[in-house]
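Working notes for the structure below.
The values are calculated or read from the model by the stated rules, or taken from the named source; none is laboratory data. Here the structure is a predicted model, which means the values were calculated and not measured. Counting neighbours? That spans all protein chains shown, and the Cβs are built from the backbone with ideal geometry, glycine included.
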């Protein structure tokens with residue numbers, strides 16, 4: 001199968017020492033048959049790794065063994081779930097039982113409306129209105145305070161921006177004036193030189 005002096009299976013399973021492994025690699029580069037043998041070994045390994053591991057059975061069982069026969073409870077349970085009419089009957093019976101239990105254990109109406117009325121009778125309407133007015137005044141004051149803080153922050157930002165803009169305008173005006181002076185100076189220096197030449 002292999003013309004190599006070493007077994008290709010040992011090379012494929014990486015069981016050769018380094019020197020012999022290099023010799024096999026050099027041989028496989030030149031030999032087409034050995035390259036194909038290595039490819040077949042790779043495919044075999046890939047096929048073996050694709051199989052899932054299964055435990056070896058302890059004993060062989062036959063369908064007629066009693067171990068395969070389901071218990072009576074399991075047979076009754078599967079008979080219930082596999083039958084539509086039985087499942088419908090059980091559902092109706094459970095619903096009926098729930099209705100009977102609810103009828104006997106109906107919750108008693110809470111006396112909350114009477115208690116609320118009693119509390120309202122003890123507190124005069126003027127006091128309730130005063131509490132509401134105080135709460136509204138606190139909320140309005142908090143809103144105004146937040147709005148004032150935001151307005152002050154925006155005004156500070158606007159003042160800073162205005163100062164920066166005025167500084168930039170002054171610097172620009174100074175630059176323009178400086179350029180005009182430089183042009184005028186250059187013109188004056190050039191003018192007497194032309195007058196002397198006449």
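So the values come out like this:
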item: Flag if residue 38 is at pLDDT below 85, at negative phi and surrounded by 10 or more Cβ atoms within 10 Å (Cβ to Cβ); result: no
item: Scope the stretch 14-31; condition free of Cβ contacts under 8 Å to residues at least 24 places away in the same chain and closer than 20 Å to residue 45 by Cα; matching residues; result: 14, 15, 16, 21, 24, 25
